[in-house]
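Structure record follows, encoded as C-alpha cells.
The values are calculated or read from the model by the stated rules, or taken from the named source; none is laboratory data. Here the structure is a predicted model, which means the values were calculated and not measured. Because the Cβ atoms are built from the backbone with ideal geometry, glycine has one as well, and the counts that use them run over all protein chains shown. With ligands, DNA and RNA removed, areas are computed over all heavy atoms of the protein, side chains included. Shrake-Rupley method; radii C 1.70, N 1.55, O 1.52, S 1.80 Å.
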Amino acid sequence: MSTVLESDPKPARTSPAPAAAPPVREKGILGAGFRGTTLGVVLVITLMGFEAMSVGTVMPVIARDLDGLALYAWGFSATLIAGLPANVLAGTWADRSGPARPLLAGVATFVLGLVIAGAAPGMWTFVAGRAVQGLGTGIALVATYVLIARVYPERLHPRVFAALSAAWVLPTLIGPTLGGVLAEQVGWRFVFLGLIPLVIPPTAMLIPAMRGLGTSGEGQDDGQDDGQGASRASRGPRTGRHLAAVTAAVGTAVLLYGLDRPGWAILPIAAAGLAGLGVGLPRLLPPGTLRMRRGLPSVVLARGLLAGAFFGTDVFIPLALTSLHDFTPTQAGVALMVASLGWSAASQIQGRSQRPRDFYARLGAVLILIGTVTTTVALHFEGWLATPTWIIGGVGMGFAYGSLSVLLLSLSPKDEQGANSSALQIADSLGSSLVIGVAGALAMAFGTDRLGLGLGVAGTVVASIAALGVLAAFRLRHTCAGERS
C-alpha cells in the first residue's frame, strides 16, 4: 500500500470540490457603462415629450389667441414636414461622423424653435417656430437611434425602446393637464419658453457616452443588397438624397396648402405637390416600400401608416372636445393623458416579452384601427366616451411603435443604421403630416358651424389609413421568422 502511495504523484485523499462561482448578473440598460447614456436619453425624450403632450392640449387656445384657427393643422404639420430633410441630413451625418454632433445640433435647434414659437406675435410666426422645432427633433431622433445602435448590444434594444416609451409616462401624466392649466392660469407661451432651461442638463449627460462614437468603420457602398430590400447603393448619393428630401418636403407643404384653397384652385396646386412627392419620396425609402415588399420596406411603411392614423386622430381630439362638447383645455388633456398611459404600459409589456416583434406590430396595428373607429364614433355622441376608446389606440401604438423600431435595427447593417433610421423617421413624419393635413382640410371644409360633420368625415378617412396600416403589418409575418427580443 505504501509503495502505491509513494508512486502516486498526487495525494490519495480527495480535496473538496471548489465552490461554484456565483452567476454573473447580466448587465442591463442601467448597468455600469450604460447608466449615464440611458438617463440622458430618457430625460431628453421626457422633456421633448412634455412639449409634444402640452402643445396638443393648448393648440386650440393658441389658434384662437393668434386668430389662426384656419392654420390649426399647420401647427402640427409644419413640425413634421420640416423633419423630412432633417431626417436625411441626420442619417448621412451620423453614418459619416457618428451620432454626437447631430444629436447636439438637433437639441440646439429644438431649443431655438421653442424660443420662436413661445414669442410668436402671430400664427404664421408660431408655425415657423414649430417648423424649426421639427428640424431639431428630426435631427435629434435619428441621431438617438444611431446612438442606441452603437452603444447598446442588440439584446438590449427592446428594453431601450421600452425605456424611451417609459420616458413619456411623466409627460403623459401631467403634460396635457399641465399644459391646460398653464394656458388658463399663466398663458400658453410658458409651455414653450419654460422648457428651455430644462433641456441643457440631460443633454450634457450624454456627452461622455458619445466620445469616440465615430463612423461604423464597416462597409462601403458596394451596391450589394442586404437581402431585405435595402441595397446600399440603391438610394443614391448623399447629395441626391438631400435634394429628394427637400423636394418631398416642399411637395408635401404645397399639397397641404392646396387642400386649403377654395374651389378649382385646389387642383393645380395639389397636382404640383403630388408631383414633388412623386419625385422625392422614392429616393428616401427602401425600394419596394410603396408596394408593401416584405422585410425592411414593410417595416417602414407600416410605421408611417400607423403613425399617421394615430396622430391624425390624436391631434383633433382636443379640438373636438373643446368645440363640440364644451370641455376646458384641462379636461381635454385627460383624454390624451390616458391614451399615452396605455402607450407607455403596452410598450413596457412588449419590451420585456419574448414573443417575436412582428407579433406585437400586428397586434398594435389592429388595436390602432379599433381605437380610431371607436373614438370617431364616440366624439360624435359624448365627449367623455372618447377617453376609454382612445386608450385602445394608445395601447396599439405602445405595442407597434417600439417593435417596429427593433425590427428596423435588426434588419440594418451597421453602416446603414443612420440611413435606415432616417427612412423610419421620414415615414413617421410624412405619414403624420399628410394625414393630419388632409384630415384638417376635410374638417374645416364644412365650416366651423358644421365642425362635427367635418371631423366625422376626417375620422372616416383616418380609419381607412389605419386599415392600410393593418395590411402592411400583416406583411411582416415572414420578415423575421423566429426572431426573439
Exactly one of 476, 404 is open to solvent by less than 10 Å² (accessible area, probe 1.4 Å) and in a loop (DSSP other than H, G, I, E, B), and that residue is 476
In region 116-197, which helices (runs of 4 or more DSSP H) lie fully inside it and hold 1 or more residues that are among the small types (Gly, Ala, Ser) and modelled with pLDDT of 80 or more?
123-151
Considering only region 412-433, I want to know if a residue exists there that is touching a helix residue (DSSP H, G or I) at 6+ places or on another chain (Cβ under 9 Å), open to solvent by 40 Å² or more (accessible area, probe 1.4 Å), at pLDDT below 85 and outside any helix (DSSP H, G or I).
no
Determine, yes or no, whether residue 80 is open to solvent by 20 Å² or more (accessible area, probe 1.4 Å), modelled with pLDDT of 80 or more, under 20 Å from residue 256 (Cα atoms) and not aromatic (Phe, Trp, Tyr).
no
Name the single residue that is nearest to residue 335 (Cα to Cα) among those in region 376-390 being touching a Gly at 6+ places or on another chain (Cβ under 8 Å) and open to solvent by less than 60 Å² (accessible area, probe 1.4 Å).
390
Pairs only if they're at least six apart or on different chains, beta carbon under 7 angstrom, first in region 346-369 and without any contact (Cβ under 8 Å) to a residue 60 or more places away in the chain, second of a type in the set (S, T, N, Q) and in a helix (DSSP H, G or I); list them, first residue then second.
360/350; 360/403
Taking region 95-113 and keeping only residues that are over 30 Å from residue 316 (Cβ atoms), within 18 Å of the chain's Cα centre (by Cα) and in contact (Cβ under 8 Å) with a residue 60 or more places away in the chain, one is left with 99, 103
Take the residues in region 265-290 that are modelled with pLDDT of 85 or more and assigned to a loop (DSSP other than H, G, I, E, B), then tell me which one is surrounded by the most Cβ atoms within 10 Å (Cβ to Cβ).
286
Can you tell me which residues in region 91-115 are small (Gly, Ala, Ser), part of a helix (DSSP H, G or I) and surrounded by 20 or more Cβ atoms within 10 Å (Cβ to Cβ)?
91, 94, 100, 106, 113
